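Below is one structure, written out as structure tokens; comments come after it.
The values are calculated or read from the model by the stated rules, or taken from the named source; none is laboratory data. Owing to the predicted nature of the structure, the values given are computational and were not obtained by experimental measurement. Methodologically, a virtual Cβ is constructed for each residue, glycine included, from the backbone with ideal geometry; neighbour enumeration extends over all protein chains shown. Heavy atoms of the whole protein, side chains included, go into the accessibility calculation; ligands, DNA and RNA do not. Shrake-Rupley method; radii C 1.70, N 1.55, O 1.52, S 1.80 Å.
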Amino acid sequence: MTVNTFNGSPSQQALAAEIFRLMTAQGVLFAADAPIRQTLTNLTDFLASRQQRTPDDVAKEIDAALQANEQVFTREEAEGQVTFVTSRLGAYVPRIEDTSHTFKQRLYEPENPLPIDDISVVVSTSRPALTTVEPVFISDYWQRQAGLMPVLPDGETEDGVEAPMIAADAEETAPVIEVAPVEEAALVEEVAPAVPATSSTVLTLADGLAIDLRRSVDELMAEHGAVLASRLSSAIDNDPLRRIVSFGRQYYLESALASMGKNDMRRIRDEIVEQGEPLLDTTLIANLYYHNPRQSDYEGFRFSLNYRLSREKDFEFVGVQGANLWSTKGLPTIGTKRVKASEMAQLAAYLEEGFDDSLEIQTAESIHETGSANRLLTFFEWEYGILPLDANLKALLPPPLLPDQRSAVLRVESPQHYTTYLVEVRYPTGNRGGWLQGLEEFFHEHLVPGALITLARTPEANVFTISYEEAPPTEDRLLTLDEKKNKLAFANITYYCAVDADQVVNQQRFGRLRNLKSFPMAERRKSEMMLEHVVETLGEPAGTREQPRVRFNVNDVVVGCNVLRPMSRSYILSLITNNDDFEADPANEGVYIFHAEVKDTRSSGDDDEEEDVVETRPMRRGGRYADDDDE
Amino acid sequence: MDARTISYGETAIDKLVQWLRARGEPADAETIARQYLKILRDLVVEEKA
């Protein structure tokens with residue numbers, strides 16, 4: 001820029017050119033269009049001292065020269081101070097931000113977004129190396145893409161107002177569309193209520209449930225508490241920021257969790273393995289962290305421990321509401337190893353198929369009120385120490401605390417014998433049934449099949465009691481299973497418990513059961529086959545060699561089937577009803593006739609002639625009888 | 001605030017976070033739902049009043 005480009009007299013042009021050089025030298029490192037400011041006072045002081053003139057004269061000349069070149073120098077006056085602004089380009093033009101399209105917009109709202117299976121692909125919610133937790137913004141656009149927010153109708157903005165552009169289009173196209181007057185009126189009637197006249201106090205949930213917030217919180221919670229808690233839990237679980245985390249029914253801030261590392265996990269695992277059984281969270285805290293329940297941060301620390309362990313693969317939650325028990329790999333198995341979990345789940349599947357009649361003798365309400373459940377022990381239950389988790393026990397035992405919880409460990413105490421047993425509850429999954437295991441020793445020590453037992457709650461959530469009615473010693477020949485020979489036989493046994501005479505599997509009533517084949521556990525899931533085998537073994541032959549028939553009483557068959565596997569009476573009746581080979585005996589209620597297959601020779605053993613003679617010996621109180629089987 | 005603009009589980013969840021922080025210990029599902037309802041009620045009813 002030369003002197004000639006400036007306006008004014010020659011002296012003013014020269015002065016303006018000099019000041020322009022001075023100011024551009026001052027802002028030599030500035031951006032080309034960045035403003036370069038200098039006050040009139042500073043310019044005057046500099047030039048007056050250099051030209052050895054009075055400042056007032058110089059100030060007037062500078063002001064006049066620069067005002068004559070206002071296309072280059074912008075004059076600003078504020079608080080009595082005059083400032084001139086220029087730029088290296090020669091004139092300062094305020095910068096205008098071009099936001100017609102931005103990288104941020106392209107990043108957050110691409111034209112062709114990839115499908116999202118997981119919102120964490122869009123933004124990582126993992127904790128940074130430094131523990132400062134910053135809120136992460138996820139635009140509504142991505143949340144809608146991931147299905148976390150409802151998609152707004154076309155043309156509708158966040159505020160629910162039609163976008164101006166669409167509205168304009170609609171106005172333009174409106175005259176073209178011919179709509180019958182009646183339809184227009186109907187449309188207006190439909191649209192009219194959507195425009196709020198006044199603010200509303202009625203909150204409407206996604207399922208249409210209306211909550212009037214003018215009512216008191218207590219009233220609303222009493223009426224809709226469960227739904228509101230459930231909806232809030234779902235919303236908190238789906239929050240991509242994970243500000244609030246949950247364990248069971250407890251909620252706490254993610255940022256307030258106590259930090260626990262791999263070393264903590266190793267110590268906890270070692271402690272559980274050393275104790276040899278699942279441990280309570282309170283026990284772990286007391287033994288490893290020496291925290292006192294009276295400390296103000298105790299509950300927060302306890303939550304942190306449970307939350308952290310729930311996210312570790314090496315630990316399994318086996319507790320119930322009110323007792324957070326943790327198990328880990330390397331602990332001894334609870335209960336029998338003779339029945340695999342997969343096999344037992346299939347054997348108990350009939351409970352989930354609707355053939356559960358366990359509440360016929362005691363209602364669920366009664367169990368809830370009394371806190372105790374009574375049941376008769378079957379042979380299968382007695383032999384393996386397993387109780388199917390039917391409605392009777394479900395009414396008594398606590399449900400799983402966590403959604404994906406597989407099992408729970410309970411402590412069952414016998415107040416009659418001062419003994420304690422660890423019992424594992426396996427919860428039903430899908431169409432597989434659940435069961436309890438771990439009472440084998442107690443059953444064999446003190447009970448016989450047909451005994452009436454009572455399970456009862458205690459003040460501790462994970463502790464139950466088991467009891468039975470004691471009775472004078474009774475000697476009988478009862479069914480037993482010889483594991484080595486895999487054979488059923490009768491043995492003389494003296495027992496000291498009250499029994500249901502119809503359920504006791506003794507030789508007098510069920511002598512033919514000694515011929516029952518002890519099928520492998522995997523075979524026993526074939527319920528039809530088991531039923532037919534029991535009927536053929538237990539029933540009375542009736543018919544001819546060409547048309548063999550077997551007559552049986554269903555009550556006996558229920559007892560017989562429960563030697564091989566758990567089966568409810570309703571399940572057995574359903575199998576009988578749906579099988580054409582069975583027919584009811586019209587003359588006798590509860591008696592059925594089975595059309596057996598024609599065989600060359602009927603299997604021997606339907607009499608008791610070949611039964612083994614078993615020497616009895618004095619039994620200790622409730623001794624194990626396997627040693628007394630026929631040998 | 002107009003109750004129709006409330007998205008249950010999202011609106012004012014930051015106030016619930018603040019309450020939980022001030023509380024200093026975990027809360028069960030019913031307690032947290034009750035407090036959240038109270039927050040929403042304050043937003044709608046008291047603001048209107």
From the list A:THR480, A:THR465, A:THR494, which one is touching a Phe, Trp or Tyr at 6+ places or on another chain (Cβ under 7 Å), open to solvent by less than 50 Å² (accessible area, probe 1.4 Å) and either assigned to a strand (DSSP E or B) or free of Cβ contacts under 8 Å to residues at least 24 places away in the same chain (or both)? A:THR480
Mind listing just one residue for me: the one in the range A:249-272 that is closer than 28 Å to A:ALA229 by Cα, open to solvent by less than 40 Å² (accessible area, probe 1.4 Å) and outside any loop (DSSP other than H, G, I, E, B) and, of those, farthest from the other protein chains (Cβ to nearest Cβ)? A:GLU254
Which numbered condition A:ARG294 fails, given (1) within 20 Å of A:ARG311 (Cα to Cα); (2) more than 7 Å from every other protein chain (Cβ to nearest Cβ); (3) open to solvent by 80 Å² or more (accessible area, probe 1.4 Å): (1)
Given the conditions (1) surrounded by fewer than 20 Cβ atoms within 10 Å (Cβ to Cβ); (2) not in a helix (DSSP H, G or I), every one holds for A:GLU365 apart from (2)
Within the range A:226-239, how many residues are at pLDDT below 90 and open to solvent by less than 20 Å² (accessible area, probe 1.4 Å)? 0
Cβ-Cβ under 8 Å, sequence separation 6+ or interchain: first residue in the range A:582-601 and open to solvent by less than 80 Å² (accessible area, probe 1.4 Å), partner modelled with pLDDT of 90 or more and of a type in the set (Gly, Ala, Ser). Which pairs? A:VAL591/A:ALA584; A:TYR592/A:ALA584; A:ILE593/A:ALA584; A:PHE594/A:GLY539
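Here's the yes/no breakdown for (1) within 28 Å of A:THR328 (Cα to Cα); (2) more than 30 Å from the chain's Cα centre (by Cα); (3) of a type in the set (D, E, K, R); (4) outside the structural domain of A:GLY450 (by TED's automatic domain parsing):
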{"site": "A:GLU365", "(1), (2), (3), (4)": "no, no, yes, no"}
{"site": "A:LEU376", "(1), (2), (3), (4)": "no, yes, no, no"}
{"site": "A:ASN392", "(1), (2), (3), (4)": "no, no, no, no"}
{"site": "A:ARG406", "(1), (2), (3), (4)": "yes, no, yes, no"}
{"site": "A:VAL425", "(1), (2), (3), (4)": "yes, no, no, no"}
{"site": "A:PRO428", "(1), (2), (3), (4)": "yes, no, no, no"}
Please enumerate the residues belonging to the range A:536-581 that are open to solvent by less than 10 Å² (accessible area, probe 1.4 Å), part of a helix (DSSP H, G or I) and among the small types (Gly, Ala, Ser). A:GLY560
Output the number of residues of the range B:14-49 satisfying the condition of being part of a helix (DSSP H, G or I) and facing chain A (nearest Cβ under 7 Å). 16
When you scan the range A:212-222, do you find a residue that is in contact with an Asp or Glu (Cβ under 9 Å, 6 or more places away or on another chain), at the interface with chain B (Cβ under 8 Å from one of its Cβ atoms) and at pLDDT 90 or above, even just one? yes
